[in-house]
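We did not get these values from a lab; they are worked out from the coordinates using the rules stated. Since this is a predicted model, take the numbers as computed values, not measurements. Reconstructed Cβ throughout: ideal geometry from the backbone, glycine too, with neighbour counts over all protein chains shown.
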Amino acid sequence: MRTPAPLRILFSCALIAFSCISHAAPIEVNDGQHTVKLADAPKRVVVLEFSFLDSLAALGVTPVGAADDGDAQRVLSKVRDVIGKWTSVGLRSQPSIEQIAALKPDLIVADLNRHEALYDDLSHIAPTLLLPSRGEDYEGSLKSAQLIGVALGKGPEMEKRIAQNRAHLAEVAKQIPSGVTVLFGVARESSFSLHGPASYAGSVLSTIGLTVPAVRQGAAPTEFVSLEQLLALNPSWLLVGHYRHPSLVDTWSKQPLWSVLSAVRDQHVVDVDGDTWARNRGVMASEQIADEALAALKGPQVARSQ
């Protein structure tokens with residue numbers, strides 16, 4: 001018996017709709033080294049840097065796994081609040097291939113700086129993006145976020161979020177006094193590394209209108225400095241992230257030369273969270289750094305003069 005024409009049309013439409021649902025459009029992303037091809041938007045994502053967690057959080061996506069150094073507290077609390085729990089796959093510097101494989105990901109996002117030598121192993125597990133997170137500046141991190149958005153099938157959503165991010169930093173910039181010189185550095189037990197204008201934190205500070213001097217012409221994004229070198233730069237504000245206590249800055253604060261610094265004399269030395277400012281990068285991280293910098297410049301300070 002021949003099926004009535006209206007039913008045939010309805011059945012054909014149902015098949016087309018089912019086909020569209022079952023076979024989403026393929027995705028291609030060029031990360032600068034490889035063209036990554038995905039059959040459709042990935043559902044099981046593993047990321048190997050904090051900045052990639054930030055990008056997922058910006059889109060409300062939870063990864064199945066992340067390299068978190070075995071310490072989720074190093075990740076921005078705002079990022080953790082959005083994406084919830086994940087399975088740790090070890091250190092960012094040396095993630096576990098076995099643990100990654102066990103999660104059966106359909107996309108891996110790795111750091112070009114840290115994980116290029118692991119690319120073959122990773123790409124045998126799942127399509128792998130290699131993006132330059134470590135050593136990346138603010139604009140570079142936004143480019144990486146855009147590519148992650150495309151890979152997740154959420155390119156327009158990421159573009160909208162990045163536009164909101166730029167607007168947020170522009171609003172902070174309106175409140176920043178002109179001509180203010182700021183340096184951020186990380187203090188360990190026996191070292192102090194300044195994050196210059198080409199570093200991530202330094203580029204965020206520059207974006208909101210602060211002057212970030214370089215240690216010297218042609219300096220690396222981060223440079224280890226002595227107290228004498230810091231004095232030669234003599235910023236009006238000094239923001240310090242402590243990885244350890246007591247740190248070298250704690251030692252410096254007991255030396256006579258420390259009190260010569262303009263930032264010390266003016267009570268413009270401010271402690272900030274080292275994980276937020278030095279280990280995290282991305283859309284949400286840049287907003288937090290900008291907000292904390294503005295709060296530091298506006299708020300009452302306690303100098304390390306003793």
Item to check | Helix-only [θ]222 nm of the chain, DSSP H runs n ≥ 4, -39500 (n - 2.57) each, per residue, nearest 500 | outcome: -11500 deg cm²/dmol
Item to check | Loop trypsin sites (Lys or Arg not before Pro), the range 228-265 (other Cβ atoms within 10 Å of the site Cβ: 16 or fewer; DSSP) | outcome: ARG244, LYS254
Checklist outcome for this item: Amide H neighbours of LEU239 at under 5 Å, excluding residues fewer than 5 places away on the same chain, with H built from the backbone geometry, are LEU183, PHE184, GLY185, VAL270
Item to check | Burial ranking of peptide ranges 145-155, 42-52 (average Cβ count within 10 Å, highest at the top) | outcome: 42-52, 145-155
Next on the checklist: Need the list of lysines near LYS37 for cross-linking: C-alpha distance under 18 angstrom, and skip anything on the same chain fewer than eight residues off.
Outcome noted: LYS104, LYS154
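Which length gain, in nm to one decimal place, applies between GLU116 and VAL180 when the Cα-Cα distance is subtracted from 0.36 nm times their residue separation?
Once the chain is fully extended between GLU116 and VAL180, it gains 19.2 nm.
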Next on the checklist: Under 5 Å between amide hydrogens, which residues at least 5 positions from VAL47 or on another chain qualify, with H placed 1.01 Å from N in the peptide plane?
Outcome noted: GLY65, ALA66, ALA67, VAL109
Checklist entry - When HIS124, HIS195, HIS268 are ordered from fewest to most other Cβ atoms inside 10 Å of their Cβ, what list results? => result HIS124, HIS268, HIS195
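Between SER259 and LYS37, what FRET efficiency comes out of the Förster formula 1/(1 + (r/R0)^6) with R0 = 51 Å and r the beta carbon distance, rounded to 0.05? If you can, show how the numbers build up before the last one.
Values: r = 60 Å, r/R0 = 1.18.
For R0 = 51 Å, the calculated efficiency reads 0.25.
State whether the range 177-298 is rounded, prolate or oblate according to the following rule on the C-alpha gyration tensor (a ≥ b ≥ c being the square roots of its eigenvalues): a/c under 1.5 gives rounded; otherwise a/b larger than b/c gives prolate, and the remaining case gives oblate.
Working: a/c = 1.41, a/b = 1.29, b/c = 1.09.
Here the range 177-298 falls in the rounded category.
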Item to check | Separation in nanometres of the label points that stand 7 Å from Cα toward Cβ, at GLN164 and SER93 | outcome: 3.6
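Please arrange PHE184, PHE192, PHE224 by counting, for each residue, the other beta carbons lying within 10 Å of its beta carbon, fewest first.
Exposure proxy ranking, most exposed first: PHE224, PHE192, PHE184.
Return an integer: the convex hull volume of the alpha-carbon atoms of the range 18-170, in Å³ per residue. All intermediate terms of the calculation are to be shown ahead of the outcome.
On the way: hull volume 17.5 nm³, N = 153.
Considering the Cα atoms of the range 18-170, their hull volume per residue is 114 Å³.
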